[in-house]
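*Asks:* Pasting a structure here, questions to come.
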Amino acid sequence: MSTVTLHKIEKLPKPALKPARLLLVGNPNVGKSVIFGYLTGKYVTVSNYPGTTVEVSRGKMKYGGQEWEVIDTPGINSLAPQSDDERVTRDMLLDADPDVIVQVADAKNLRRTLLITSQLAELKIPMVLVLNMMDEARHRGIEIDAKGIGELFGIPVVPAVAVEGEGLYSIFKSIVHAKVPNDPLETQRNRILGNANFLQAFTPKPNKKLPLQLTVEWLQTQDLGFRQGVESWLNRVADGHVPNDAATRTQIKNSAARLEEMRNAFLERAVGQYKTALPSVFRESNGVGLKIGFVCLAAGLLLFAYTEVGRLFGLPTPFGWMNSWMDKSVVPTTLSFLGNNHLGWLGSLFFGKLADDGSAYETGLLYPAITQFLMLIAPVIAPLAFVLRRSERFAERLGHWTRDWRTGAPMMIVILLLMYEFVGVIGAGTLVDALENNIFNSLLTPNLQRLIPSGIFYDFFVGQYGLISVGLTYALAIVLPIVMTFFIAFGLLEDSGYLPRLAILSDRLFRVMGLNGKAVLPMVLGLGCDTMATMTTRILETKKERLIATVLLALGVPCSAQLGVILAISGSLSAGAMLTVFGVVVSQMFLVGYLSSKIVKGKRGDFIFEIPPIRMPVFKNVWTKTRYRMKWYLKEALPLFVLGTLILFVLDRLRVPTPWGKLSGLDMINNSLAPLVTGVLQLPRQTSQVLVLGFLRRDYGAAGLYDMVGKGLMTPVQIVVSLIVLTLFIPCVANFFMIIREQGTKKALIILAFITPFAIAVGGIVNLVLRALNIGF
């Protein structure tokens with residue numbers, strides 16, 4: 001594990017034989033993960049929306065000649081928890097016995113910052129306050145008196161812009177100067193609680209130090225789950241005499257209200273004293289450059305819209321003209337030049353070869369991806385980035401437009417189409433074709449087939465179910481390019497601040513399913529990985545919401561690779577095929593969500609959500625996330641692809657005596673599922689292997705389906721039906737275990753038992769309808 005070392009040994013807060021412990025605490029989306037990564041050298045996902053850290057992250061660092069454990073806690077709005085992730089942070093503060101607390105705060109939101117600081121002051125633990133995002137505060141004309149706040153609490157206060165690296169070393173150096181904070185509310189609190197007789201019944205256990213005011217606030221909550229943890233730290237719990245009568249609860253409630261009033265008054269005074277609004281230092285550009293930027297953005301959007309409509313109705317477009325010019329002039333000339341200079345292989349790799357009908361070049365690594373990017377994506381993204389960097393007013397308006405239905409819905413369509421062009425066309429089309437055909441199918445596999453003699457090793461490595469010809473081809477040539485392009489696009493959306501606005505935009509839709517707009521975050525994250533997204537359902541406040549969101553993730557949210565394959569396969573048929581697949585899946589999610597909201601007991605949580613500013617993503621951050629996510633993919637998925645291929649290989653060679661003669665394991669699977677696969681769904685027999693291995697990993701099943709479609713083994717109707725069934729089918733094994741962890745074994749088995757026949761039934765009905773209506777796509 002990477003470490004950070006302080007060369008100049010300074011005085012530590014206290015000597016310790018065991019590793020000292022540092023807790024990072026603060027509001028959601030304030031940069032804790034960036035500071036955690038700096039201190040420990042360990043990367044955790046950094047995004048521009050709350051809820052990124054839903055699980056405690058741990059790392060180590062060397063500081064002052066000794067080892068420290070650094071813990072990154074989930075974001076909180078208060079130490080009085082309203083959700084499970086806030087409860088986790090509270091419990092960590094009380095159970096982990098930290099030596100130092102580093103509170104990370106958004107400098108723009110001083111009131112929220114000081115609320116947590118005043119609560120942490122009750123814990124009497126040495127702490128440092130980091131005022132992060134000072135650049136955004138300055139842009140808004142906000143001046144913070146960091147020195148005055150430091151004197152008020154008696155602790156180091158460090159201004160920083162963590163994502164730019166500004167102030168990170170100062171944070172590191174300040175740890176040694178951490179001090180037990182002054183508690184500015186202590187006198188008033190003691191006066192309010194001095195005559196509260198009920199507190200005598202709530203003395204903490206001998207090994208516990210519970211803050212007085214916070215204990216009252218924790219006990220006054222109606223949520224038993226949030227209250228039980230505190231009650232277990234009190235003496236009377238062990239005796240079975242916890243006072244919970246109406247009179248005691250009324251006293252607790254009244255005291256909590258007076259304490260809250262006292263704290264609010266303090267916060268109003270402190271914010272007025274230490275925060276000053278100045279004329280903005282951000283110079284809103286009104287120059288010619290910005291006007292040209294707006295004109296280019298409008299032109300880029302018009303070009304994009306016209307191209308999408310033109311391709312749908314077969315109209316001539318600039319994109320078509322550019323490709324035609326490239327096919328007839330630029331590419332042949334370039335290939336001829338490279339061939340004359342003994343670089344013909346490079347030309348084939350970059351530009352591919354002429355299609356059999358002589359209409360266009362295909363399977364190149366660069367072409368037609370380069371025209372796709374330059375003619376469709378860049379004309380929108382480049383001027384948008386330009387004006388966002390130069391106009392804060394435009395960024396604020398854009399933030400408003402994206403969460404208003406009248407403007408937000410068209411914007412969402414444009415964003416989805418841009419993602420399709422980047423992930424579905426460039427990633428799943430051009431890059432997959434280039435890697436699969438030019439490298440694996442033309443170079444690697446054929447050459448190995450010539451080198452390895454026939455026999456068991458030949459079959460194992462390069463045979464019909466070979467480790468290289470199938471396993472590595474699926475993982476590296478088909479799925480990896482899709483995953484990479486998806487992670488880049490998703491990272492841009494994460495860091496732009498668009499996802500929280502999507503939550504507001506979709507709030508009404510999610511209410512139909514017993515959820516609120518906050519549920520859109522696990523759903524969107526599920527497009528990256530359902531396993532990770534299932535864990536993030538913790539940001540939802542009630543058990544009912546978390547259960548419904550988990551069911552919907554397992555039922556209908558495809559992971560990134562599966563989504564890319566769906567886009568590539570259905571897009572290669574027609575827009576109608578794509579709309580049918582997504583229309584059926586989304587409608588079934590609404591149906592199941594609506595019914596679940598009526599069946600599952602409980603209530604929907606309040607929709608209170610922090611909206612971060614619209615920001616221009618830092619590509620370095622996006623690329624770092626993409627690299628780590630691809631590393632995670634290769635580490636987690638590649639072994640399962642190898643295992644899946646090994647299972648196929650063994651099943652193919654296994655011979656089992658049956659009344660119908662000796663059958664292979666694959667034949668037995670195909671025969672056992674035949675009534676469903678070839679009967680109800682009317683799909684090819686091999687589809688059963690795709691469905692079974694989809695349980696191992698959904699993208700493995702999707703890659704198998706992509707291979708079957710490429711070999712022409714399916715009709716258009718069968719393709720649509722199989723895509724629907726595979727999407728709705730059982731979650732992969734990793735997601736299944738995560739569901740067990742989050743919801744328990746019983747609920748996980750119930751979810752599995754419901755989803756499997758439901759997916760088959762929906763696929764069967766769609767098959768009957770399409771054939772009855774003679775729809776062929």
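*Asks:* Please pick out the residue among Leu467, Leu492 that is in contact with a Pro (Cβ under 8 Å, 6 or more places away or on another chain) and open to solvent by 10 Å² or more (accessible area, probe 1.4 Å).
*Replies:* On the way: Leu467 fails: in contact with a Pro (Cβ under 8 Å, 6 or more places away or on another chain).
Answer to the selection: Leu492.
*Asks:* Any residue at all in segment 454-468 that is of a type outside the set (Phe, Trp, Tyr), part of a loop (DSSP other than H, G, I, E, B), out of contact with any Ser or Thr (no Cβ under 8 Å at 6 or more places or on another chain) and free of Cβ contacts under 8 Å to residues at least 12 places away in the same chain?
*Replies:* Yes, that holds for at least one residue.
*Asks:* Okay, moving on. Of all residues being of a type in the set (A, V, I, L, M) and buried (at least 21 other Cβ atoms within 10 Å of the Cβ) in segment 135-153, which is farthest from His177 (Cα to Cα)? Just the residue, please. It would help to see each step written out before you state the result.
*Replies:* As a first pass, look at segment 135-153 and keep what is of a type in the set (A, V, I, L, M): 137, 142, 144, 146, 149, 152.
From what is left, the residues that are buried (at least 21 other Cβ atoms within 10 Å of the Cβ) are 137, 144, 149.
Working: Ala137: 26, Ile144: 21, Ile149: 16 Å.
Only one residue tops the list, namely Ala137.
*Asks:* Please pick out the residue among Arg397, Arg406, Arg393 that is open to solvent by 70 Å² or more (accessible area, probe 1.4 Å) and under 26 Å from the mean Cα position of the chain (by Cα).
*Replies:* Details: Arg406 fails: under 26 Å from the mean Cα position of the chain (by Cα); Arg393 fails: under 26 Å from the mean Cα position of the chain (by Cα).
Step by step, each of Arg397, Arg406, Arg393 is checked, and only Arg397 is open to solvent by 70 Å² or more (accessible area, probe 1.4 Å) and under 26 Å from the mean Cα position of the chain (by Cα).
*Asks:* Of Ile292, Ile252, which residue is open to solvent by less than 50 Å² (accessible area, probe 1.4 Å) and either at pLDDT 90 or above or in a helix (DSSP H, G or I) (or both)? Let's see the steps before the verdict.
*Replies:* Working: Ile292 fails: open to solvent by less than 50 Å² (accessible area, probe 1.4 Å).
None of the other options fit; the residue is Ile252.
*Asks:* Same structure again: Which one of the conditions (1) touching a residue at least 60 places away in the same chain (Cβ under 8 Å); (2) open to solvent by 50 Å² or more (accessible area, probe 1.4 Å); (3) within 22 Å of Gly701 (Cβ to Cβ); (4) of a type outside the set (Lys, Arg) does Asn441 fail to meet, given that it meets all the rest?
*Replies:* That leaves (1) as the condition not met.
*Asks:* Oh, and also: Output yes when any residue across segment 543-550 is assigned to a helix (DSSP H, G or I), open to solvent by 60 Å² or more (accessible area, probe 1.4 Å) and either touching a helix residue (DSSP H, G or I) at 6+ places or on another chain (Cβ under 8 Å) or of a type outside the set (Lys, Arg) (or both), and no when none is.
*Replies:* Taking every residue of segment 543-550 in turn, none turns out to be assigned to a helix (DSSP H, G or I), open to solvent by 60 Å² or more (accessible area, probe 1.4 Å) and either touching a helix residue (DSSP H, G or I) at 6+ places or on another chain (Cβ under 8 Å) or of a type outside the set (Lys, Arg) (or both).
*Asks:* Pick out the one residue from Ala703, Ala748, Ala734 that is more than 24 Å from Val769 (Cβ to Cβ) and surrounded by 24 or more Cβ atoms within 10 Å (Cβ to Cβ).
*Replies:* Answer to the selection: Ala703.
*Asks:* Could you pull out every one of the helices (runs of 4 or more DSSP H) wholly within segment 688-750 that has 3 or more residues that are of a type in the set (Val, Ile, Thr) and in contact with a Gly (Cβ under 7 Å, 6 or more places away or on another chain)? Before you say what the answer is, go through the steps one by one.
*Replies:* On the way: elements: 698-710, 716-728, 733-743.
Passing ranges, in order: 716-728.
*Asks:* If you don't mind, there's one more thing I want to ask. State which residue is farthest from Met738 (Cα to Cα) when the search covers only segment 656-700 and only residues that are touching a residue at least 60 places away in the same chain (Cβ under 8 Å) and open to solvent by 50 Å² or more (accessible area, probe 1.4 Å).
*Replies:* Across segment 656-700, the extreme among qualifying residues is Gln682.
*Asks:* May I ask you to list the residues in segment 351-381 that are open to solvent by less than 60 Å² (accessible area, probe 1.4 Å) and part of a helix (DSSP H, G or I)?
*Replies:* If the condition is that a residue be open to solvent by less than 60 Å² (accessible area, probe 1.4 Å) and part of a helix (DSSP H, G or I), then Phe351, Ala369, Thr371, Gln372, Met375, Leu376, Ile377, Ala378, Pro379, Val380 are the ones that fit.
*Asks:* Need at least 2 residues that are at pLDDT below 90, within 30 Å of Ser391 (Cα to Cα) and touching a Lys or Arg at 6+ places or on another chain (Cβ under 9 Å) per element, so show me which strands (runs of 3 or more DSSP E) inside segment 100-160 make the cut, counting only ones lying wholly within it.
*Replies:* 142-144
*Asks:* With respect to Thr531, is the statement that it is open to solvent by less than 20 Å² (accessible area, probe 1.4 Å), at negative phi and either among the hydroxyl-bearing types (Ser, Thr, Tyr) or assigned to a helix (DSSP H, G or I) (or both) true?
*Replies:* So Thr531 fails the test.
The values are calculated or read from the model by the stated rules, or taken from the named source; none is laboratory data. Bear in mind that the values here come from a model prediction, so they are computed numbers and not experimental data. We place every Cβ from the backbone using ideal geometry, glycine too, and count neighbours over all the protein chains shown. The protein model used for the area step is the full one, side chains on, heavy atoms only, and it has no ligands, DNA or RNA in it. Shrake-Rupley method; radii C 1.70, N 1.55, O 1.52, S 1.80 Å.
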